[in-house]
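Rule-based calculations on the coordinates, nothing more; no lab input. Since the model is a prediction, treat every value here as computed from it, not as a measurement. Note that each Cβ is placed from the backbone with ideal geometry, even for glycine, and that neighbours are counted across all protein chains shown.
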Amino acid sequence: MFQVPMPADPLPGSMDYRAEIAHLVGEALKSADGDRYAVAAAMSRLTGHDVSKYMLDAWSSEARDSYNMPFYQAPVLESACNTLILSSWLAEKRGGRLLVGKDALAAELAKLERAKEQAAKQIRELKRLMGDIE
């Protein structure tokens, strides 16, 4: 019914994600409220270091595989573009799923509810073994 998320197989040469990252950066930039100049300005303000439109163009070009976005810029780009595309991609590659905000709280609540049910079941079984419950 559900497919269990699994991390990518660590096969030699299988994890060259440069083109995929460039594509995701391009998708993030497309989803931004402003143009690439606005995103570059926002990233520069957030980091205190110059980020230019040229850098964004290079990071989003699949042909410029030697100029991928540095990992430390991923959360900055996501903040500037109001997206979680890179974080979600990374979680999926590692066999997980990104939950944020109310989704994260709902998952934690479900986990605690399951633990509560399991504890109640164990308590009933112990009481039964002790003869406290008919």
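Laid out as a table, the results:
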item: Spans of helices (runs of 4 or more DSSP H) in the stretch 47-134 with at least 2 residues touching a residue at least 24 places away in the same chain (Cβ under 8 Å); result: 53-59, 74-81, 85-93
item: Residue, surrounded by the most Cβ atoms within 10 Å (Cβ to Cβ), within the stretch 61-80, restricted to residues that are polar (S, T, N, Q) and under 23 Å from Val100 (Cα atoms); result: Gln73
item: Number of positions in the stretch 10-34 that are outside any helix (DSSP H, G or I) and either touching an Asp or Glu at 6+ places or on another chain (Cβ under 6 Å) or without any contact (Cβ under 8 Å) to a residue 12 or more places away in the chain (or both); result: 8
item: Residue list for the stretch 57-88, filter: farther than 13 Å from Leu24 by Cβ and hydrophobic (A, V, I, L, M, F, W, C); result: Ala58, Ala63, Val76, Ala80
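Residue by residue, here is whether (1) exposed (fewer than 11 other Cβ atoms within 10 Å of the Cβ); (2) in contact with a His (Cβ under 7 Å, 6 or more places away or on another chain); (3) on the phi > 0 side of the Ramachandran plot holds:
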| position | (1), (2), (3) |
| --- | --- |
| Leu90 | no, no, no |
| Lys93 | no, no, no |
| Gly96 | no, no, no |
| Gly101 | yes, no, yes |
| Ala107 | no, no, no |
| Ala115 | yes, no, no |
| Ala120 | yes, no, no |
| Arg124 | no, no, no |
| Gly131 | yes, no, yes |
